[in-house]
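Below: the structure, in structure tokens.
The values are calculated or read from the model by the stated rules, or taken from the named source; none is laboratory data. All of these numbers come straight from a predicted model, not from anything done at the bench. Backbone-built Cβ (ideal geometry, glycine too); neighbour counts: all protein chains shown. We work out accessible area using only protein heavy atoms, side chains counted, and drop any ligands, DNA or RNA first. Shrake-Rupley method; radii C 1.70, N 1.55, O 1.52, S 1.80 Å.
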Amino acid sequence: NTHQIASRVVSVRHTHSFPPMSSNEQNKDVTMTDATAVVAPHRIAVLSASSTSSSESSDVSSHAILFASAGSPSLCLLPLNGTSACIPLLEPASSSPVQEFTVSSSGRFVAALCADKSIYLWEVPSVSLCRVDEWKLLFTKHASKRGTNLCFTEDETHLMVSESAGDVTCWTTVAPYHSADLLLGHCAAATAICATHDNSHVITADRYGKIRVSEFPRGFNITAFCLGHEDFITDLLTPASHPQTLVSFSLDGTLRVWQFAEGVCTQTLTVQEQKNEKREEQEQEEEEDQATKGEDAEGDEEEEEDNVNSRCSSAVTEPVLAAYSSRLDLLAVSVRGTGRLDLYSIGEHSLELVQQLDTSMRSHVAACFDAQGGLWVSGRLSSSPSRSAATTATETLGGEVALRLFTRQQDAQEKREGACRFVPSTQLSAELSDRFQSSLPAVSSSEVRKLERLADRHCSLRFHTELDGSSSE
């Protein structure tokens, strides 16, 4: 059997070899390699300097954006006031690319997980947020296995890290900072983790769609299983307004609402792609082309196109948790492959779609809510609004990277119904957008697509967990 598998692998590699490029294509690739382009951030968060972050004031002088870009070995802090430049939290020479970071519920702690298995934990100053010298680095640890996700407990006394080997380790945020304690383990790679608001349970998920509810800190005591997903689970969330409710996100294209204590699914939502006019025109042209061909060839091509369309639709309808606001009780879901954000209001047993927000961006969209209820969005625009020196590279990549702010707006009817919608804000200055653009890492345009794809934690997890024990370096 081993020899048969090896021979099949060799035959597949030879069968699917690519033809040599022409001279024009080679010249085109050389031209694109020489051009440079910025890399879009894959994770952003808004930090508040004062403890009175729940005030209704719209002043952003005490706020800063924390973000990590693909291929960048440091977290970057961008003050929203003045003209201060971006401040790196990690020195590029002493760290590897940041894979994931998280902020505690009160904003007191920030933890980062890097590709070289290192874990950083900072204590954020309560007043002088933008002075990095006052950020206290509590510890730098090196995990034994490659991490996949991390989260704080609600009381902020522990930091939990899930690993690609299936284990979940727990680190204390209170001195003395001892070595990691093994909390629990899965038979497959642990892909998502969250803690309940009463710190009594920890909820984990693996690559096979299984959700486990375990006691904390006695992780060996399993309370329930939440089963129903058919693919890779990307994120888990327990809303503050409904502490007994769990929302799960999966690459099977569904969101599920659970009563996790009983392991009962109360709602299943399937994220569907919205067809636009251009796509409909393309489909009509394809149908006309098929009508001119023979019946036999047409049948084979239709079957083949159905398979391709099914694979494409599954790739662009994967829901990913983009942002959550406990103050507004809103959930922002990024639909992979599109620039759309679906906003849901959270109920005890179900989610209700409030708005489908078109961000004018493509592929992965990084988003977060601030303390005043504004929605910050960053990503690569669908088309470049202006011509620059790197026009060729920008057009090929799909547009420049932008930072946008959406605020809530209500008309008379929405006020009566208690509803609202998000619209683009005019408060975001061009100067802040320029500072954000200049702080992004610039690499050759041929590397941008690769870096942005590898920076996507869910794509990276799916790739690494399919190695089945191989080295993840």
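Taking residue 168 as the residue in question, decide whether it is farther than 26 Å from residue 64 by Cα and among the β-branched types (Val, Ile, Thr). In short, yes.
Quick check on the stretch 152-159. Is at least one of its residues modelled with pLDDT of 90 or more, within 28 Å of residue 238 (Cα to Cα) and hydroxyl-bearing (Ser, Thr, Tyr)?
Of all residues in the stretch 152-159, those modelled with pLDDT of 90 or more come to 152-159.
Filter once more, keeping what is within 28 Å of residue 238 (Cα to Cα): 152-159.
Those left that are additionally hydroxyl-bearing (Ser, Thr, Tyr): 153, 157.
Yes, the stretch 152-159 has at least one match.
Within the stretch 317-334, being open to solvent by 10 Å² or more (accessible area, probe 1.4 Å), closer than 15 Å to residue 250 by Cβ and either at pLDDT 90 or above or outside any strand (DSSP E or B) (or both) holds for 317, 318. Here 254, 204, 191 are screened, and the one residue that is polar (S, T, N, Q), modelled with pLDDT under 95 and crowded, with 22+ Cβ neighbours inside 10 Å is 191. Determine which member of the set 167, 235 is charged (D, E, K, R) and open to solvent by 40 Å² or more (accessible area, probe 1.4 Å). From the options 167, 235, the qualifying one is 167.
When restricted to residues that are at pLDDT below 85 and open to solvent by 30 Å² or more (accessible area, probe 1.4 Å), the stretch 391-408 contains 4. Would a scan of the stretch 114-131 turn up a residue that is β-branched (Val, Ile, Thr), touching a residue at least 40 places away in the same chain (Cβ under 8 Å) and loosely packed, with under 15 Cβ neighbours inside 10 Å? Yes, the stretch 114-131 has at least one match. Taking the criterion of being open to solvent by less than 70 Å² (accessible area, probe 1.4 Å), hydroxyl-bearing (Ser, Thr, Tyr) and modelled with pLDDT of 80 or more, the residues of the stretch 430-451 that qualify are 433, 439.
Determine, yes or no, whether residue 354 is in a strand (DSSP E or B), of a type in the set (Val, Ile, Thr) and surrounded by fewer than 22 Cβ atoms within 10 Å (Cβ to Cβ). Step through it out loud before you land on a result.
Values: in a strand (DSSP E or B): yes; of a type in the set (Val, Ile, Thr): yes; surrounded by fewer than 22 Cβ atoms within 10 Å (Cβ to Cβ): yes.
When the stated conditions are applied, residue 354 passes them.
Summed over the stretch 170-188, the residues that are buried (at least 20 other Cβ atoms within 10 Å of the Cβ) and in contact with a Gly (Cβ under 8 Å, 6 or more places away or on another chain) give a count of 3. Could you check, for the stretch 143-151, whether at least one of its residues is open to solvent by 20 Å² or more (accessible area, probe 1.4 Å), part of a loop (DSSP other than H, G, I, E, B) and more than 24 Å from residue 46 (Cβ to Cβ)? Yes - at least one qualifying residue is present in the stretch 143-151. Taking the conditions (1) buried (at least 20 other Cβ atoms within 10 Å of the Cβ); (2) not in a strand (DSSP E or B) in turn, residue 105 satisfies each one other than (1).
With respect to residue 176, determine if the residue is at pLDDT below 90 and out of contact with any strand residue (DSSP E or B) (no Cβ under 6 Å at 6 or more places or on another chain).
Details: at pLDDT below 90: yes; out of contact with any strand residue (DSSP E or B) (no Cβ under 6 Å at 6 or more places or on another chain): yes.
So residue 176 passes the test.
So residue 210 ticks every box in (1) surrounded by fewer than 23 Cβ atoms within 10 Å (Cβ to Cβ); (2) within 12 Å of residue 248 (Cβ to Cβ); (3) of a type outside the set (S, T, N, Q); (4) touching a residue at least 40 places away in the same chain (Cβ under 8 Å) but one. Which box is left unticked? Of the numbered conditions (1) surrounded by fewer than 23 Cβ atoms within 10 Å (Cβ to Cβ); (2) within 12 Å of residue 248 (Cβ to Cβ); (3) of a type outside the set (S, T, N, Q); (4) touching a residue at least 40 places away in the same chain (Cβ under 8 Å), the odd one out for residue 210 is (4).
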